[in-house]
Amino acid sequence: MKERSNELVEFIIGSAVEVHKELGPGLLENIYEKAMVIELLDRGFKVEQQVAIPVYYKGHKLDQELRLDLLVENLVIVELKAVDKLAPVHNAQLLTYLRLKKLWLGLLINFNEPMVTKGIRRVVL
């Protein structure tokens, strides 16, 4: 599973590069999200968008759910941003998603960079 996840990361990064090459920086996050779904599906991957994650507190399910941007092949969480600079809270958010989904690997991708590869962080739980 870890080997498959690591392979997926390379394909996801390639998809992000393609989306960024086509659209460039400066758009809204949801536009990049939709483009990433198209790109990943075109490459033959299973992708879920806006996946709901229930939150529990002391055994009680809270009314509020979290939503992760993309889940690829049920193995890698991809959290997309279109911000000036990635902040520690973005890493914390992805780590929380990984913990709650019981996964170990995620990508944080900021499309608001001149070169998208400079805005990619690999996050491991």
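Working out 0.36 nm times the residue gap between D63 and L100, then minus their Cα-Cα distance, what length gain in nm do you get to one decimal? Numbers along the way, then the final one.
Details: separation 37, 0.36 × 37 = 13.32 nm, distance 1.57 nm.
Result for the pair: 11.7 nm of gain on full extension.
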Inset, instruction - Starting from the Cα of K2, draw a straight line to each of the lysines and keep only those under 28 Å, dropping any in the same chain fewer than 8 residues away. - result: K34, K46, K81, K101, K102, K118
Legend entry - Structure-derived percent of Cα pairs over 23 Å apart: which label, when the choices are (i) 35; (ii) 32; (iii) 27: (iii)
Inset, instruction - Could you work out the relative contact order of the stretch 39-85, using alpha carbon pairs under 8 angstrom and six or more residues apart, expressed as a whole percent? - result: 32
Inset, instruction - Subtracting the Cα-Cα distance from 0.36 nm times the residue separation, let me have the gained length for Q49 to E18 in nm, one decimal. - result: 9.3 nm
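Mind checking the dipole of the chain: about its Cα centre, +1 per Lys or Arg Cβ, -1 per Asp or Glu Cβ, Debye to the nearest 20?
Numbers: 17 positive and 17 negative charges, 113 e Å.
Approximately 540 debye in magnitude.
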Inset, instruction - Give the carbon-plus-sulfur fraction of the accessible surface of the chain in %, rounded to a whole number; probe 1.4 Å, heavy atoms of protein chains only. - result: 54
Legend entry - Restricting the stretch 23-125 to trypsin sites (Lys or Arg not before Pro) in coil, as DSSP defines it, with at most 12 other Cβ within 10 Å: K46, K58, K85, K102
Inset, instruction - Helix by helix through the chain, keep the DSSP H runs that span 30 Å or more along the axis on Cα and average at least -1.0 on Kyte-Doolittle, and give those back in order. - result: 2-23
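Which whole-number percent is the relative contact order of the stretch 1-111 (Cα, under 8 Å, 6+ apart)? It would help to have the intermediate numbers written out before the result.
Numbers: 147 pairs, mean separation 28.3, N = 111.
Taking the mean separation of contacting Cα pairs over the length of the stretch 1-111, I get 25 percent.
The values are calculated or read from the model by the stated rules, or taken from the named source; none is laboratory data. Since the model is a prediction, treat every value here as computed from it, not as a measurement. In this analysis, Cβ positions are derived from the backbone assuming ideal geometry, glycine residues included, and neighbour counts consider all displayed protein chains. Calculation scope for accessible area: heavy atoms of the full protein, side chains included, ligands and nucleic acids excluded. Shrake-Rupley method; radii C 1.70, N 1.55, O 1.52, S 1.80 Å.
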